[in-house]
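Everything on this sheet refers to the single structure shown next.
Rule-based calculations on the coordinates, nothing more; no lab input. Computed from a predicted structure; not experimentally measured. Positions of Cβ are generated from backbone atoms using ideal geometry, with glycine treated the same way; all protein chains shown enter the neighbour counts.
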Amino acid sequence: MHTVKAIYPGTFDPLTNGHLDLIARGSKIVDHLVVAILRNSEKGTPLFTVPERVEMLTEATRSFGNVSVATFNGLLVDFARAQNARAVLRGIRAISDYEYELQMAMMNRKLDPELETLFMMPAEKYTYVSSRLVKGVFQLGGDVSSLVPQLVMERLKARIPAAQEAR
Ligand code: PNS
């Protein structure tokens with residue numbers, strides 16, 4: 001039988017409802033979706049450790065029968081090959097995402113011509129949501145409860161107690 005396994009890679013620091021929306025959409029299109037957290041991200045010091053992010057993603061994706069959570073280091077194409085995945089799933093929220101995403105997709109194609117990149121759009125209501133904005137707004141006392149899963153909200157409150165005082 002012809003089955004399609006795809007990787008949904010990212011930093012997920014933290015997981016947002018936009019990510020979850022994309023996971024839901026992707027899981028309907030492919031047979032198996034591996035949500036893969038990059039361990040050696042160059043994005044600076046993360047708010048949540050990789051094991052914490054694995055826990056949050058595992059919990060939040062428990063209800064999907066065909067979604068699993070993994071971590072990877074190094075090149076995405078190498079991880080995809082080791083997983084026997086034929087595709088990479090990425091979300092595009094706005095035109096501003098496109099240039100970077102196209103560059104990455106083309107570089108990945110150069111590195112492995114067999115690996116396809118699938119772009120999907122999250123629900124309109126999440127087009128402005130990013131992990132970076134969620135962290136920044138929460139740190140300043142803003143309400144992000146409709147933008148992240150409840151279990152992420154609880155961890156944010158535990159991690160940044162000062163933000164609660166600012167409210
Ligand atoms: O959530 P992010 O930070 O936008 O995800 C970026 C990610 C993890 C998909 C990207 O940085 C990546 O794939 N890194 C692994 C290194 C790699 O393969 N680089 C070559 C592709 S340009």
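So here's what we get for this one:
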item: Reachable aspartates and glutamates, given that their alpha-carbon falls under 14 Å from the alpha-carbon of K125 and they are not under 8 places away in the same chain; result: D21
item: Footprinting exposure proxy for M106, M56, M121, M153 (fewest neighbouring C-beta atoms within 10 Å first); result: M106, M121, M153, M56
item: Gyration tensor verdict on region 65-125 (Cα atoms; rounded if a/c is under 1.5, prolate if a/b is larger than b/c, oblate otherwise); result: oblate
item: Hits among lysines - C-alpha to C-alpha of K157 under 19 Å, sequence gap 8 or more where chains match; result: K135
item: Cα point-scatterer Debye curve for region 1-121, base-10 log of I(q)/I(0) at q = 0.09 Å⁻¹; result: -0.22
item: Pairwise label distance in nanometres, M107 with A94, each label 7 Å out on the Cα-Cβ vector; result: 2.3 nm
item: Order of E99, E55, E154 under a 10 Å beta carbon neighbour criterion, fewest first; result: E99, E154, E55
item: Span from the region 99-135 Cα centroid across to the region 1-43 one, whole angstrom; result: 11 Å
item: Which of D97, D31, D13 has the fewest Cβ neighbours within 10 Å, and the rest in rising order; result: D31, D97, D13
item: Per DSSP, loop chymotrypsin sites (Phe, Trp or Tyr not before Pro) in region 97-167 with at most 13 further Cβ within 10 Å; result: Y128
